[in-house]
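**Student:** Pasting a structure below so you can have a look.
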2 protein chains.
Amino acid sequence: MASTSPEPAAAGETNDPIHIRRLELSDHERGFVALLSQLSACPDLTASEFATRFAEVAAQGDDHVILVAEDPSASDLRILATGCLFVERKFLRGGGKVGHVEDVVVDAAARGRGLGLRVVRRLVEIARDAGCYKVILDCTPELRAYYARCGFVEKGVQMAVYF
Amino acid sequence: MASTSPEPAAAGETNDPIHIRRLELSDHERGFVALLSQLSACPDLTASEFATRFAEVAAQGDDHVILVAEDPSASDLRILATGCLFVERKFLRGGGKVGHVEDVVVDAAARGRGLGLRVVRRLVEIARDAGCYKVILDCTPELRAYYARCGFVEKGVQMAVYF
């Protein structure tokens, strides 16, 4: 599921001095995992576990981009929002690439400032610049209008098997 | 879209002497790209283009598995069905992994023999054995019942931006 906890649909662009950048190893100390726990079951990771997964993702270079939003004017520099894009390389569409957006979440205390929309739009731009022919995500039906504000249209249904 | 052209829902398991294996470089000569063209726009790839994409996918090891089905008793060894699984490494769920099933297609002349179901079930097994906590795919509403036969249940909606 791409996101179940971004922010209210009424959120709009603002003049927030928000900084959006790629995830860094030190974001383990800035509440990145706790933020994800607002989206899904998310036990904390030790520094070692976090570093291992960080290295695995980093090894994929621009094929796996995790963005985070922070407020440089805040006193604690907690991560306020995040979203992920990974690129799938296909044989169809002339060896085309598809961007998959996953794990979009905005901290409950920071919703309504358009942070999720800004993160998602940035991910879409990255996918387009990487040569993807499309970007897809899965969400709950309630979030259709939210993602429509980033240019997404409904295409199908998501199915899942849980182990 | 995971698949728009697998096979009729009435298809069942058979005693077909079908061999399911991972994609090989030589499958460019066995109609792999032509098979994908039954699913989506799919201009042919030169041997060089195919080899480049094959190497990119192979570099991901067991995180990107493409299965193909062939009939060893047939005279031409054309690829009859295919399906893809790639594994996404997350920070949530304790550093969990999610399997994504994509590009499931069965040759029009080979439908009704359960080949698509066998490929998808094998992909689900691979995902489970790899430690994924779930496997997801996107499909058209008409294919819900088909994928339910592989254990999938509807979870959400798929949204897309096309460039």
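No value in this document is a laboratory result; all are computed from the given coordinates. Everything quoted here is computed from the prediction, not taken from an experiment.
**Student:** Tell me, what is the Rg over Rh of segment B:18-60, with Rh the Kirkwood radius over Cα pairs?
**Tutor:** 0.96
**Student:** I've got another one for you. If you take the Cα Rg of segment A:92-163 and divide it by 2.2 N^0.38 Å, with N the number of residues, what do you get?
**Tutor:** Values: Rg = 13.6 Å, N = 72, 2.2 N^0.38 = 11.2 Å.
This ratio for segment A:92-163 stands at 1.22.
**Student:** Which of A:Val124, A:Val68, A:Val153 ends up with the largest GNM mean-square fluctuation for chain A, with Cα atoms connected below 10 Å?
**Tutor:** A:Val153
**Student:** I've got another one for you. Show me, for segment B:58-66, the HN-Hα J-couplings you get by feeding each phi into the Karplus relation (A = 6.51, B = -1.76, C = 1.60, θ = phi - 60°), rounded to Hz, glycine and proline as x.
**Tutor:** Those phi angles translate into 4, 5, 7, x, 6, 7, 8, 10, 10 Hz.
**Student:** Can you list the HN-Hα couplings for segment A:83-97, worked out from phi with the Karplus curve (6.51, -1.76, 1.60; θ = phi - 60°), rounded to whole Hz and with x for Gly and Pro?
**Tutor:** Using θ = phi - 60°, the values come out as x, 10, 10, 10, 10, 9, 9, 10, 9, 7, 6, x, x, x, 10 Hz.
**Student:** Can I ask one more? I need the per residue convex hull volume for segment A:35-163, using only the alpha carbons, in cubic angstrom as a whole number. It would help to have the intermediate numbers written out before the result.
**Tutor:** Numbers: hull volume 19.8 nm³, N = 129.
Per residue, the Cα convex hull of segment A:35-163 comes to 153 Å³.
**Student:** To the nearest Å, what is the center-to-center distance of segment B:23-43 and segment B:127-163, using C-alpha atoms only?
**Tutor:** One Cα centre to the other: 22 Å.
**Student:** Kirkwood Rh, Cα Rg: Rg to Rh for the protein assembly as shown?
**Tutor:** Reported Rg/Rh, Kirkwood definition of Rh: 0.99.
**Student:** Let me ask something additional. Rounded to whole Hz and in sequence order, give me ³J(HN,Hα) for segment A:112-126 from the Karplus expression 6.51 cos²θ - 1.76 cosθ + 1.60, θ = phi - 60°, writing x for Gly and Pro.
**Tutor:** So the Karplus estimates, Gly and Pro as x, are x, 10, x, 5, x, 4, 5, 5, 5, 4, 5, 5, 5, 4, 4 Hz.
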